[in-house]
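I have placed the structure first, in the form of structure tokens, so that the comments after it can refer back to it.
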Amino acid sequence: MDKRRIVIYTILFFATLAIATQGFTNIGLDGLLVPLIFTFVYFTTIFIIATIIKNNSIVDIGWGMGFVVGSWLTLLVTEDPTILSYAIVGLITVWGLRLSLRLLKRNYGKPEDFRYAQWRKEWGDKVVIIAFFRVFMVQGIINFVVGSASYSVIKYNEFSFNSGHQYFVYAALLIALIGLFFEVVGDEQLRQHISKGSGKLLQTGLWSVTRHPNYFGEILIWVGLYASGITLFFTGSVNPWYYIALIISPILMSTVLIKVSTPLLEKNMEKYDSWEEYTKKVPMLFPWAKK
């Protein structure tokens, strides 16, 4: 591994540790060290299994469950969880379980995904060590950073039905639920369309208002979960600047979906005859975007 990558991975690790400890000021159970440690152990375990079966793409199946267990562990080490804490854990559980089970059902028994297979070929006899850092540890870091805002809300919120801030929380959770609707319904519409075997491009339902309703929904979920922590600015349970910094959570997830996942998928969808016409009338992600 070259020195430049060693420096990058070191910086990423300490930046992630800083998030977990509120800038190295809260080291212990009062911070987010528990979900951080779990995340690294979890992705290391997946790495070991993937190495044994020679299929690194199983990391995709484990992605959603990383958030599920991370949120539950955070809840377990929270002294006085509120109804909001349980609501966020419940929403993440529904989202993460559905995602992991869906990918498990779709990919079980199939060979390694073409992306990981190509990397395996490119990395040659160094595939194990390179995959550990570039695939599993990087995904572990992204998983924790994306989940960190939600973990912070679970642990530090002081939600009360008597608070005037409760309506901000309701609005934020509504955004997350709308996102879950887009993701679940969008995936189901796509599943039903594929099962018909028409070989045509899906352009009805939610797919008529956005070319990627599932990705749009996932962005809304993480934006909503972050916004549900707005009360942290008023209660003083954490430094406001710390929670402002945690806006990296929805930004990071949105960036990955917009700049990485969506372009890869759109490249694959160009094979459909009606693709060009479809892109002219339906926005890529955001339904309100002008064509």
Using θ = phi - 60° and the Karplus relation 6.51 cos²θ - 1.76 cosθ + 1.60, list the HN-Hα couplings for the range 45-62 in order, rounded to whole Hz, with x at every Gly or Pro.
-> 5, 4, 4, 4, 5, 4, 5, 5, 8, 6, 8, 6, 6, 5, 4, 5, 5, x
Fully extended contour minus Cα-Cα distance, from Arg134 to Ala245, at 0.36 nm per residue | 37.5 nm
Taking the dipole about the Cα centre of the chain, with the C-beta of Lys and Arg at +1 and of Asp and Glu at -1, give me whichever of Phe40, Ile83, Ala20 is farthest to the positive side.
-> Phe40
Taking the alpha-carbon centroid of each part, what is the distance from the range 30-50 to the range 163-237 in angstrom?
-> 27 Å
Quick one: grab the alpha carbon gyration tensor of the range 153-234, order the square roots of its eigenvalues as a ≥ b ≥ c, and give me rounded if a/c is under 1.5, else prolate or oblate depending on whether a/b is larger than b/c.
-> prolate
Counting other Cβ atoms within 10 Å of each Cβ, which trypsin sites (Lys or Arg not before Pro) in the range 195-252 have at most 13 and sit in a DSSP loop?
-> Lys200
For the range 151-291: span of alpha carbons on each principal axis (Å, largest first) | 56, 26, 26
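Please state the relative contact order of the range 4-104 as a whole percent: Cα pairs under 8 Å, 6+ residues apart? Can you show the working numbers first?
Values: 74 pairs, mean separation 23.6, N = 101.
Relative contact order for the range 4-104 comes out at 23 percent.
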Ignoring chymotrypsin sites (Phe, Trp or Tyr not before Pro) buried by more than 13 other Cβ within 10 Å or outside DSSP loops, the longest site-free run in the chain is 162-287
Counting helices only, and only those DSSP H runs with n ≥ 4, report the 222 nm mean residue ellipticity of the chain as the sum of -39,500 (n - 2.57) divided by its residues, in deg cm²/dmol to the nearest 500.
-> -22000 deg cm²/dmol
Dipole of the range 53-108, Cα-centred, from +1 at each Lys and Arg C-beta and -1 at each Asp and Glu C-beta, to the nearest 20 debye?
-> 500 debye
Inter-centroid distance (Cα atoms) of the range 100-135 relative to the range 243-291, Å = 23 Å
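What dipole magnitude, in Debye to the nearest 20, does the chain give about its Cα centre under +1 on Lys/Arg Cβ and -1 on Asp/Glu Cβ?
Values: 26 positive and 19 negative charges, 207 e Å.
Charge dipole, the chain, about its Cα centre: 1000 debye, nearest 20.
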Can you figure out the FRET efficiency of Phe24 with Arg191, using R₀ = 35 Å and their beta-carbon distance, to the nearest 0.05?
-> 0.15
About its Cα centre, how strong a charge dipole does the range 97-212 have in debye, to the nearest 20, once Lys and Arg get +1 and Asp and Glu get -1 at the Cβ?
-> 480 debye
Calculate one ³J(HN,Hα) per residue across the range 13-18 by plugging θ = phi - 60° into the Karplus curve 6.51 cos²θ - 1.76 cosθ + 1.60, and present them in order as whole Hz with x for glycine and proline.
-> 5, 5, 5, 5, 5, 5
State whether the range 101-162 is rounded, prolate or oblate according to the following rule on the C-alpha gyration tensor (a ≥ b ≥ c being the square roots of its eigenvalues): a/c under 1.5 gives rounded; otherwise a/b larger than b/c gives prolate, and the remaining case gives oblate.
-> oblate
Taking the chain as a Gaussian network, where each spring joins two C-alpha atoms under 10 Å apart, which residue of Val223, Val238, Val68 fluctuates the most?
-> Val238
Which of Asn268, Leu174, Phe136 sits farthest toward the positive end of the charge dipole of the chain, with +1 on the Cβ of Lys and Arg and -1 on the Cβ of Asp and Glu?
-> Asn268
Taking only protein heavy atoms into account and a 1.4 Å probe, give the accessible area per residue of the chain in Å².
-> 52 Å²
Mean separation of Cα contacts under 8 Å (6+ apart) over length of the chain, as relative contact order % = 19 percent
Pick from Glu112, Glu276, Glu218: which is most flexible by mean-square fluctuation in a GNM of the chain where alpha carbon atoms under 10 Å apart are linked?
-> Glu276
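So which of Lys121/Lys271; Lys105/Lys280; Lys196/Lys281; Lys196/Lys271; Lys105/Lys200 end up more than 28 Å apart, counting from Cα to Cα?
Numbers: Lys121/Lys271 25 Å; Lys105/Lys280 34 Å; Lys196/Lys281 24 Å; Lys196/Lys271 19 Å; Lys105/Lys200 23 Å.
Beyond 28 Å: Lys105/Lys280.
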Within the set Val59, Val89, Val127, GNM on the chain using Cα springs under 10 Å gives the largest fluctuation to Val127
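The values are calculated or read from the model by the stated rules, or taken from the named source; none is laboratory data. Keep in mind the model is a prediction, meaning the values are calculated, not measured. Glycine gets a Cβ as well: all are built from the backbone with ideal geometry, and neighbour counts include every protein chain shown. For accessibility, only protein heavy atoms count, side chains too; no ligands or nucleic acids. Shrake-Rupley method; radii C 1.70, N 1.55, O 1.52, S 1.80 Å.
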